[in-house]
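First the structure, in the form of structure tokens, and then the observations on it.
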Amino acid sequence: MTAEIPVRPPEPPATDATPPRQTLVQKQPTRLLAPLRETGKLFALALSVTRAVFRRPFQVREFIEQFWFIASVTILPAALVSIPFGAVIALQVGSLTEQLGAQSFTGGASVLAVIQQASPLIVALLISGAGGSAICADLGSRKIREELDAMEVMGVSPIQRLVVPRVLATMFVAVLLNGLVSVVGTLGGYFFNVIMQHGTPGAYLASFSALAQLPDLYISEFKALIFGFIAGIVAAYRGLNPRGGPKGVGDAVNQSVVITFMLLFFVNMVLTAIYLQIVPAKGS
């Protein structure tokens with residue numbers, strides 16, 4: 001008697017149920033569009049803040065508190081930085097004008113460099129590094145604690161309640177600090193030119209009055225206003241969009257400072273080029 005051999009039923013044909021892999025060509029457009037999306041969101045926040053400035057109620061108390069905080073952490077560093085900065089410009093310009101045989105124009109050239117270029121940039125960098133980082137950290141900590149979401153649930157706009165007073169505070173502090181830095185930097189340049197390079201006070205002041213004009217001060221204050229707006233907007237944007245919990249807040253603070261620095265130098269170049277094309281030099 002022979003044993004029956006069991007017959008295994010045929011297996012069903014194998015089907016590839018795994019989804020197809022994304023190719024590098026499909027991933028590249030997403031990576032390329034990410035910076036454009038971030039830029040668009042940044043401009044959208046700037047537009048929202050600009051519109052919210054004219055809405056009521058205006059947060060006067062929040063504005064005063066932020067104004068005092070930003071001013072208190074930037075006044076002394078701005079004054080201390082402007083003295084050596086003005087001295088370096090005066091020494092460098094004085095050395096260059098001496099080689100060219102135009103030492104009598106040292107005062108005007110150095111003062112114009114301080115007022116038009118150095119002063120707004122010093123103010124913006126200090127506000128971004130001190131005030132902007134604090135704004136970003138404050139908003140980021142509120143975001144990860146879901147305080148901003150709770151405000152939206154209660155019908156309170158975080159932009160109007162928190163962002164607008166901070167941005168306006170950075171703008172007003174930047175304008176006021178720009179005047180302080182211009183005066184201190186000019187005095188520092190005058191001291192080093194007269195004492196160390198043996199210049200005459202009369203020639204320093206005469207060259208300044210011969211080359212400088214009132215629109216130079218206007219463009220300096222306008223730059224400070226724009227730079228303060230940029231510093232506040234970038235700090236608020238990164239603070240409202242942290243990634244990864246508390247560590248993400250620290251990363252957002254670093255990113256806000258770096259992004260602000262890059263934007264400041266680019267905007268400064270554009271404003272300077274436009275100013276030089278619109279306003280003719282004195283005596284030309």
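The values are calculated or read from the model by the stated rules, or taken from the named source; none is laboratory data. Computed from a predicted structure; not experimentally measured. Just so you know, the surface numbers come from the protein's heavy atoms only, side chains and all, with ligands and any DNA or RNA stripped out. Shrake-Rupley method; radii C 1.70, N 1.55, O 1.52, S 1.80 Å.
Could you sort ARG243, ARG161 by their accessible area in this structure, using a 1.4 Å probe and putting the largest first?
Solvent-accessible surface, decreasing: ARG243, ARG161.
With θ set to phi - 60°, apply the Karplus curve 6.51 cos²θ - 1.76 cosθ + 1.60 along the stretch 176-190 and write out the HN-Hα couplings as whole Hz, x wherever there is a Gly or Pro.
5, 5, 4, x, 5, 5, 4, 5, 5, x, 5, 5, x, x, 5
In nm², what is the average projected area of the convex hull enclosing the Cα atoms of the stretch 228-284?
If you wrap the Cα atoms of the stretch 228-284 in a convex hull and average its projections, you get 4.5 nm².
Kirkwood Rh over alpha-carbon pairs of the stretch 134-248, then Stokes-Einstein at 4 °C and 1.567 mPa s: what D in µm² s⁻¹, rounded to an integer?
It diffuses with D of about 75 µm²/s by this estimate.
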